[in-house]
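Worksheet for the structure shown next.
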Amino acid sequence: MGLGQKEKTMGILVTGGAGYIGSHTCVELLNQGYQVIVLDNLVNSSEEALKRVEKITGKKITFYKADLLKIDSIEEIFKKEKIDVVIHFAGLKAVGESVEKPLKYYENNINGTLNLCKIMEKYDVKKIVFSSSATVYGNPKSVPIKEDFPLSVTNPYGRTKLMLEEILQDLYVADSDWRMILLRYFNPIGAHKSGQIGENPKGIPNNLIPYITQVAVGKHPYVKVFGDGYATCDGTGVRDYIHVVDLAIGHVKAIESMEKGQGVDIYNLGTGTGYSVIQMIEAFENACQREIPYKIEPPRAGDIDTCYADSSKAGEVLGWKAQYGVAEMCEDSWRWQSANPNGYETL
């Protein structure tokens, strides 16, 4: 779809835009000619990511260090900037930590989003793309998972995502001027081809691939594999891993579709193929040409056996389909990590 002048001047506020998925989405938005404004509190991200996004694209980002829990700081941005659409990534996202610290997750993810919606409503900005998650399906009775499957959750992180989906839909029922797209994504991995930006967790990673990459560069002695008694091909959990650039492009497609539709739309973004933890370790060994040691640990609370997507709806309506396979995902993750062994602290 060609971008008209109207779209080229659209201002997109990206909350959590300095984070992993946010920074890659900023690249794709800038490449399509959108004006990008980023709000991020940098709790689990780095401003260096945005500088590198600017370097990759040759375009400028307007950045505000702000926290969604402080409603006045959100309002300052809406006063100053021309915002047409919000892409809402900002939030805490570690399943295990959410089980240990549920109140922290409810306060941050729910209250932050409520504050954002209040200011959007006040300034008549009623278009939002919401970063949801496959965790809202809980432990699905079957796979692949379709958008109309029953919803349930197995951990507080997933519960915040499900509650926010419901809050946003209630908002639309009350005011049909809202236009909302809820993107339920599966397990993003990989990095930009440039090796300039990638996943940069602070502290010990909660997610599998950054843990594997850090073992590969010698930061940890082995990968902790949580549980080998699941009902899967090798007893380890099976997930749908999607390249972060594919995911980022999905957000651009969502914004493009906002002009055409109305109401609330929900899409899965995944590849439709599941891989076990052991299979991912083996795929990464192929990418980095070195052995990745691992040890089986007790299973984590809230984890499920198998989870992968049916993303055909996104294909039919948004014209979106995942392009990258697991080999490329692992190669791109390795390119990023090997060039940036300490993440954004390298420079």
Worksheet item: residue 164 passes all but one of (1) under 22 Å from residue 106 (Cβ atoms); (2) part of a loop (DSSP other than H, G, I, E, B); which number fails?
Response: (2)
Practice prompt. Go through (1) out of contact with any His (no Cβ under 6 Å at 6 or more places or on another chain); (2) at pLDDT 95 or above and name the single condition residue 190 misses.
Written response: (1)
Worksheet item: Exactly one of (1) outside any loop (DSSP other than H, G, I, E, B); (2) closer than 21 Å to residue 325 by Cα is unmet by residue 215. Its number?
Response: (2)
Response to the item:
If you go through 249, 296, the only one that is over 25 Å from residue 151 (Cα atoms), surrounded by fewer than 19 Cβ atoms within 10 Å (Cβ to Cβ) and among the hydrophobic types (A, V, I, L, M, F, W, C) is 296
Response to the item:
By residue number, the members of the range 68-79 that are more than 26 Å from residue 204 (Cβ to Cβ) and surrounded by 19 or more Cβ atoms within 10 Å (Cβ to Cβ) are 74, 77, 78
Practice prompt. Determine if the range 93-106 includes at least one residue that is more than 21 Å from the chain's Cα centre (by Cα), of a type in the set (Ser, Thr, Tyr) and assigned to a helix (DSSP H, G or I).
Written response: no
Practice prompt. Would you please list the contacts, defined by Cβ atoms under 9 Å and residues six or more apart or on different chains, that run from a residue in the range 69-95 that is under 19 Å from residue 179 (Cβ atoms) to a residue that is β-branched (Val, Ile, Thr) and modelled with pLDDT under 95?
Written response: 82/9; 84/9
Worksheet item: Going through the range 227-262 one residue at a time, which ones are part of a strand (DSSP E or B) and either modelled with pLDDT under 95 or under 26 Å from residue 27 (Cβ atoms) (or both)?
Response: 239, 241, 242, 243
Worksheet item: Filtering the range 1-57 down to residues that are basic (Lys, Arg) and modelled with pLDDT under 95, which residue is surrounded by the fewest Cβ atoms within 10 Å (Cβ to Cβ)?
Response: 6
Practice prompt. Inspect the range 281-288 for any residue being within 19 Å of residue 241 (Cα to Cα) and either part of a loop (DSSP other than H, G, I, E, B) or modelled with pLDDT under 95 (or both) and give the result as yes or no.
Written response: no
Practice prompt. Return yes or no: is residue 263 more than 21 Å from residue 343 (Cα to Cα) and buried (at least 20 other Cβ atoms within 10 Å of the Cβ)?
Written response: no
Worksheet item: So, in the range 41-65, of the ones that are among the polar types (S, T, N, Q) and not in a helix (DSSP H, G or I), which residue ends up farthest from residue 344 (Cα to Cα)?
Response: 62
Fill in: Only one of 82, 104, 65, 60 that is touching a strand residue (DSSP E or B) at 6+ places or on another chain (Cβ under 6 Å) and surrounded by fewer than 16 Cβ atoms within 10 Å (Cβ to Cβ)
82
Fill in: Residue among 200, 206 that is buried (at least 17 other Cβ atoms within 10 Å of the Cβ) and part of a loop (DSSP other than H, G, I, E, B)
200
Worksheet item: Does residue 27 meet the test of being hydrophobic (A, V, I, L, M, F, W, C), assigned to a helix (DSSP H, G or I), within 25 Å of residue 204 (Cα to Cα) and in contact (Cβ under 8 Å) with a residue 60 or more places away in the chain?
Response: no
Worksheet entry | Selected residue (criterion: nearest to residue 186 (Cα to Cα)) from residues of the range 311-320 that are out of contact with any Phe, Trp or Tyr (no Cβ under 7 Å at 6 or more places or on another chain) and buried (at least 17 other Cβ atoms within 10 Å of the Cβ) | 311
Response to the item:
The condition from (1) surrounded by fewer than 19 Cβ atoms within 10 Å (Cβ to Cβ); (2) touching a Gly at 6+ places or on another chain (Cβ under 7 Å); (3) among the polar types (S, T, N, Q) that residue 135 misses is numbered (1)
Worksheet item: Tally time: how many residues in the range 180-196 are over 12 Å from residue 333 (Cβ atoms) and in a loop (DSSP other than H, G, I, E, B)?
Response: 3
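The values are calculated or read from the model by the stated rules, or taken from the named source; none is laboratory data. Only a predicted model underlies this, so the values are computations on that prediction, with no experimental measurement involved. Every residue, glycine as well, gets a Cβ built from its backbone with ideal geometry; the counts of neighbours run over all protein chains shown.
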